[in-house]
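Working notes, beginning with the structure itself.
Nothing in this text is a laboratory measurement; each read-out follows from the coordinates by a stated rule. Just so we're clear, the structure is a prediction, and the values are computed from it rather than from any experiment. Using ideal geometry, Cβ is built from the backbone for each residue, glycine included, and neighbour counts are taken over all protein chains shown.
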Amino acid sequence: MSSSLSPRERMKLDRQKMPEQDPAARARNFAEVNLGFPEQMALIEAERCLQCKDPRCIKGCPVNVKIPRFIELMTEGNIAAAAQSLLGDNSLPGVTGRVCPQETQCEIECIRGNKGMPVGIGYLERYVADWARNHRDQLATTKAPPTGRRVVVVGSGPSGLTAAGELVRLGHDVTIYEALHKPGGVLVYGIPEFRLPKKIVEQEVERLQADGVKIECNVVVGRTYALQELREQFDAVFIANGAGLPVFMNVPGENLKGVYSANEYLTRVNLMAAYEFPRADTPVLVGRRVAVVGGGNVAMDAVRTARRLGAEQALIIYRRTKAEMPARVEEIHHAEEEGIHFEFLTAPVEVLGNEKRWVRGLKCVRMKLGEPDASGRARPEPIPGAELIVDCDVVVVAIGTRANPLLTSTCPDLKLNPHGNIVVDEQGMTSLPGVFAGGDIVRGAATVILAMGDGKRAARAIDAWLAAKPHATTSA
Amino acid sequence: MHRVVQRRQLSPNVTLLEVEAARIAQIRRPGQFVIVRLGGNAERIPLTIADANPAEGTITLVIQAVGKSTRELVALQPGQAIQDIAGPLGHPTEQIDSGHAVCVGGGVGTAVVHPIAQGLHHKGLKVTSIIGGRSREWVIFEQELRALGDVLVCTDDGSYGRKGFVTDALKDLLSTAGADIVYAVGPVPMMRAVATLTRPLKVRTIVSLNPVMVDGTGMCGGCRVSVGAETRFACVDGPEFDGHLVDFDELMDRLGTYREFEQRAAQCPDGPCRIGLTAPAAT
C-alpha cells in the first residue's frame, strides 16, 4: 500500500474497531480479550495518521516513541523498518501495545482526535510488535561496541527490562537479578493472561536475552546480596524492585479465611497458574461471590479474574463513583461487558465471618462525594447510618501497594521519602553515587509505561555517568 | 538448578535433603528460611534452613511430607535437582548473650530448633533441648542436639524417653533449672502450649511460624499473622516472633485455608498417587 492518500481522504477513514472475544465466552476463559488487527485493518488504521509536521503524540508518550515514523513506514509497506523504528524507541512494544493507557497519553494528544477519533496508536503498536516477535530473524539489533562496564539491574519488571535493553545496546554488560522464579515482575505476577499473555512477556524477555541481557532469578537483593556488595561488584546499579508491599484496609475481620490482597490473588492465578489447579499445584479460593475492593486497574484485573475462575458474581466495591475510577476506560468497559457488578460510593468497614471463620460478607457504609482532596478528586465521606451488607465469600483488597522495605531497609545510606520510596535526582540517581532507581520503588504505584520511561531515562543517565567515570578494576 | 547431594529418611514422614545452594550456604544465619520450587507448575514452599556447609556449598532442608508438593520433594534422589531456591529469607534468630536457653522441638520443628541451638551453643550459652514425637521413630535430630547440650526426649506413647508432651518436661525444667529464654518450634498447638506455660513465668519465648506463603518477600501478605495488636508478615517481619503475643488460634485457622485443595491435589489426575510417604529403595 502506498501513502498517496490526501489528508481529506485520510480524515474520511473510520477508526478500526479492535476485534474482541465475545464477552459471554471470554468471561469464562483466560484467553486474550483483544484479538489484534488483521493486516488489512492495521493498514487502514495506519492510513488515518495525518503525519503531522509537529506531532504531539510523541510528547504524550513516556518513552517518546516516534509514533508518526513507524506508522509512516507501515503505510509504505515496510513493516520490518516500522518494527526496527519502534523497537529502537521501546524495548517492550508488545507489552505497552496491550496495557498502556493510550487514551490519556499518546492518543489524547493525537491531532486527529480534535475532530473525531484519534489514531489507534496502541493497536498499531501492538500489531507491529507482534509482527516483530514472529519475524525476529528479519530484524537486526544495532549494538555499540563493548564498553567493559558492568551494570546490575535489580528487578525484571517493566522498568528493569527497559533499562537493561537500553544499556546492553549501549555496549554495557548487563545482569538482572530477579527475586521470583520467573522474569517479568508485575507483567507475570500481576497483569492477567487475558490482558497480557505470558507468552508475549516470555518472548520479549527472550529477545532481550538474545541481545545479551543476563537474567538470574531467585536472587533477592537485600537478602541474597546486600546493595553494598553489588556496588563493589558492578560499575553501576539500577534499582527497579517495584512497590510490592500490599496495603490492607485495616478493618476488623481482615485475617479471616477468604481475604486476599490483590497481589496474592493475582500472583496465585498469574505467576503460579492456580486457574489450572490441580494441573498446577498452587490453589486459589474461587468463591461464589467475590468482592474486590478498589477502583484501579489492579481491581479490574482481580474482579475479571474472579469471573473467569467461575464466580457466579464478581463485584467491585469502590468508595467514589465511576467518573473517579483510576482504571483505564477500556478495562472498565470490558468488565461491564463481562457482567461485573459495580457498587459505587461504598466503603467496607468490616469483613464478616461465619462460625468457621470463613468470609461471609462485607459490612459497608454508603459514601457521598465532598470537596476535592489533595489528588483533586472529590473526597468520599460516609453517610452516617447508611450501612449495608454485601454478601460474598471471597474478598480481594486492591487499594494499592507501598514500597517494599526488603532492600531499602538494609542500606541506611539510601535516602528515602517519608513513604519509603527511594529519592532520586533528575537523572534518576539516588543519594548513593552510581546507584540509580526507577519505577514504582521511586514513584509509588504507577503504570507500566511510566516505569519503562524511568528505565529508559536511567539507562541514558547511567551511560553518561559511566562515561565520565574512570575505568577501575572490578572485583568480579 | 540445585542438585540433591544427600538424602536421609529421618522419621516415617520426615526426610533430610542436602542440596547445592552455594551463596545461601555462605551467608545464611540460624532462623532463616528459603523458598523452594521443584519446577514445572510446582508450588513455592517455605522451608527453614536446618544446616549449611559453606565449604561444600550445600544447605540442609528437612521436609515433612504432608501434601503433594512436599511428597514430590522428599521423593528426590541424590543427583536429581530442585529448580528454584531463593533466600536466605526472614530475620535471623534473636539471641541472648549468656544464660540458659531451652530449645523445644516438636516433630519436624526439631530440625528448625537445631540451627538455633547450634548458634546459641557456639555463643557459649548453656543449651537444653526438649524434643518430642508420637513415638520413638518420630524423634529426630537427637544425636545432633546431644552434641550441643542436654536433651530431654518425650514421646506421646512412652516408647522412648518420657511419656507425655514436651510441655510436661518443660514445666519441670522451668521449676528446677529455670530458663532465660525458650525457643519453641513445632505444631501450632505445641507452640501455643509452650507460650501458655511460659507467659505467667515471664520467660521470653520465641516461636518460629510457618504460615501459608507465596513469594516470601513481603509481596503477597498471605503469611500475615496477628502479633500483639499488629498484623505482621511472617516472611519479612519473622519468621520468629514473641510467642507471648502471637494469636495462635488465628494462625491455626488460616493454615486450614487450603485443606480441601490439598485433598484434591492428593488425588492425582493420572490415577492413584504413587508417591509414597516412605523412601524408595536406595539405588
Task: Most positive-pole-ward Cα, B:V62, B:T196, B:Y160, against dipole of chain B from beta carbon charges - done: B:Y160
Task: Under 28 Å from the Cα of A:K363 - lysines, other chains or at least 8 residues apart - done: A:K257, A:K322
Task: Test item: Cα-centred dipole of the protein assembly as shown, Lys/Arg +1 and Asp/Glu -1 on Cβ, debye - done: 320
Open item on the list: Could you give each residue of the stretch A:370-385 its phi-based ³J(HN,Hα) in whole Hz, using Karplus coefficients 6.51, -1.76, 1.60 with θ = phi - 60°, and x for Gly or Pro?
Closed with: x, 5, x, 9, 4, 7, x, 8, 4, 7, x, 10, x, 8, x, x
Open item on the list: Can you tell me which lysines have their Cα less than 26 Å from the Cα of A:K214? Leave out same-chain residues fewer than eight positions away.
Closed with: A:K143, A:K182, A:K198, A:K199, A:K456, A:K469
Task: Between the stretch A:342-364 and the stretch B:206-240, the alpha-carbon center distance in angstrom - done: 23
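How would you classify chain B from its alpha-carbon gyration tensor, with a ≥ b ≥ c the square roots of the eigenvalues: rounded for a/c under 1.5, else prolate if a/b is greater than b/c, otherwise oblate? Walk me through the numbers on the way to the answer.
Working: a/c = 1.44, a/b = 1.36, b/c = 1.06.
Cα axes put chain B in the rounded bin.
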Open item on the list: Are there any trypsin sites (Lys or Arg not before Pro) in the stretch B:44-125 that are in a DSSP loop and have at most 16 other Cβ atoms within 10 Å? List them by number.
Closed with: B:K123
Task: Sequence of A:K456, A:K115 once ranked by neighbouring C-beta atoms within 10 Å, starting from the fewest - done: A:K115, A:K456
TODO: Arrange the following residues from fewest to most other Cβ atoms within 10 Å of their Cβ: A:E206, A:E125, A:E426.
DONE: A:E426, A:E206, A:E125
TODO: Could you pull out every one of the aspartates and glutamates with an alpha carbon less than 12 Å from that of A:K415, ignoring same-chain neighbours closer than 8 positions?
DONE: A:D425
Open item on the list: With viscosity set to 0.890 mPa s at 25 °C, what whole-number translational diffusion coefficient in µm²/s follows for chain A from Stokes-Einstein and a Kirkwood radius over Cα pairs?
Closed with: 104
- [ ] Calculate for the protein assembly as shown the 222 nm mean residue ellipticity that helices alone would give, adding -39,500 (n - 2.57) per DSSP H run of length 4 or more and normalising by residue count, nearest 500 deg cm²/dmol.
- [x] -8500 deg cm²/dmol
Open item on the list: Using 5 Å bins from zero, what percent of all Cα-Cα pairs in the stretch A:7-138 falls into each bin?
Closed with: 2, 11, 21, 24, 21, 12, 7, 3, 0, 0
- [ ] Find, among the trypsin sites (Lys or Arg not before Pro) in the stretch B:164-227, those assigned to loop by DSSP (not H, G, I, E, B) with at most 12 other beta-carbon atoms within 10 angstrom.
- [x] B:K202
Open item on the list: So if I take the centroid of the Cα atoms in the stretch B:1-50 and the same for the stretch A:417-434, what is the distance between those two points in Å?
Closed with: 36
Task: Quarter of Cα convex hull surface for the stretch A:174-259, i.e. mean projection, nm² - done: 8.0
Open item on the list: What number do you get for the stretch B:151-242 when its Cα radius of gyration is normalised by 2.2 N^0.38 Å, N = residues?
Closed with: 1.25
TODO: Give me a single rounded figure for B:25-34: the average over its residues of other chain Cβ atoms within 10 Å of their Cβ.
DONE: 1
Open item on the list: I'd like the projected area of the stretch A:248-399, averaged over all directions, using the convex hull of its alpha carbons. Report it in nm² with one decimal.
Closed with: 9.3
Task: Fraction of antiparallel bridges per DSSP, the protein assembly as shown only, in percent to nearest 5 - done: 50
Open item on the list: As a footprinting exposure proxy, order A:T142, A:T104 by other Cβ within 10 Å, with the fewest listed first.
Closed with: A:T142, A:T104
